[in-house]
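Colleague: Questions regarding the structure given below will be posed in turn.
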Amino acid sequence: METLRAKLDLVRRVEAEHGFGVEIGGPRALEPIPEVPGEVTEVFGLFSRLAGDYFDFVRPEEIAGPDAWRWRRTNENCPLGDPLEIGHERYGLPRDLRDDIPGGAPIRLDLRDGSVYYVDPDDYIAFYKNPDVDEVESADFAPGIVKFFDSFVLGPRYPELVEAVIGPNAVDERDREGRPRDSWTRLLRASGLL
């Protein structure tokens, strides 16, 4: 957690200095929730949002506290065991629509084991419609949320996240000025984290 905290302090300073246009929401302590892995409330206590051009990681409303968790809408028919959505891709979404559209394909956290993964929405729908299928293909990022944010959001494995969720071409896309198209990539590079 200390490494993650230090990285968040670093990217906040670099963003304030350079103004890449990313969003880094401030910290707020959260109450532990017995049904949620403790790391989840610890991590989302460090920030409320991390968002660039490609992804938006927002503290889930349902982990605001035990009362919010009790009112959480659950889906007992979810073939993935009703995971917690911790972020969404927003590749290609115009900046002026980002607040109006909740997000694209979700990045999920398995509440049973704490792992973080991605399932292509088309694969999820097929899995949902065909309960006889034993397993759905997924991109498994990390065994826990701390490792996920440390390595895949604020670390050197961020390009792997982009490639798995959006596609390999998005990793190297450039804007008209020749810079990486993704503001989060620019932030990580300027911070020395990528």
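Colleague: Could you tell me which numbered condition VAL136 fails, if it satisfies all but one of (1) in a loop (DSSP other than H, G, I, E, B); (2) open to solvent by less than 30 Å² (accessible area, probe 1.4 Å); (3) under 19 Å from TYR54 (Cβ atoms)?
Modeller: (3)
Colleague: Given the criteria of a type outside the set (Gly, Ala, Ser), modelled with pLDDT of 95 or more and open to solvent by 70 Å² or more (accessible area, probe 1.4 Å), does ARG13 qualify?
Modeller: So ARG13 passes the test.
Colleague: Could you grab the pairs with beta carbons closer than 6 Å, sequence gap of 6+ or different chains, first residue in the stretch 1-24 and on the phi > 0 side of the Ramachandran plot, second one open to solvent by less than 40 Å² (accessible area, probe 1.4 Å)?
Modeller: Here the result reads GLY21/SER183, each pair linking the stretch 1-24 to a residue that is open to solvent by less than 40 Å² (accessible area, probe 1.4 Å).
Colleague: LYS129: open to solvent by 40 Å² or more (accessible area, probe 1.4 Å), basic (Lys, Arg), more than 15 Å from GLY52 (Cβ to Cβ) and modelled with pLDDT of 95 or more, yes or no?
Modeller: So LYS129 does not fit the description; no.
Colleague: Exactly one of these conditions fails for THR3: (1) assigned to a strand (DSSP E or B); (2) within 20 Å of PRO143 (Cβ to Cβ). Give me its number.
Modeller: Here THR3 meets the rest and fails (1).
Colleague: Continuing with this model, one more query. Assess whether PRO143 counts as being in contact with a Leu (Cβ under 8 Å, 6 or more places away or on another chain), surrounded by fewer than 17 Cβ atoms within 10 Å (Cβ to Cβ) and of a type outside the set (A, V, I, L, M).
Modeller: Spelling it out, it is not the case that PRO143 is in contact with a Leu (Cβ under 8 Å, 6 or more places away or on another chain), surrounded by fewer than 17 Cβ atoms within 10 Å (Cβ to Cβ) and of a type outside the set (A, V, I, L, M).
The values are calculated or read from the model by the stated rules, or taken from the named source; none is laboratory data. Note that this is a predicted model, so its numbers are computed, not measured. Quick reminder, even Gly has a Cβ in these numbers, built from the backbone with ideal geometry, and neighbours come from all protein chains shown. We work out accessible area using only protein heavy atoms, side chains counted, and drop any ligands, DNA or RNA first. Shrake-Rupley method; radii C 1.70, N 1.55, O 1.52, S 1.80 Å.
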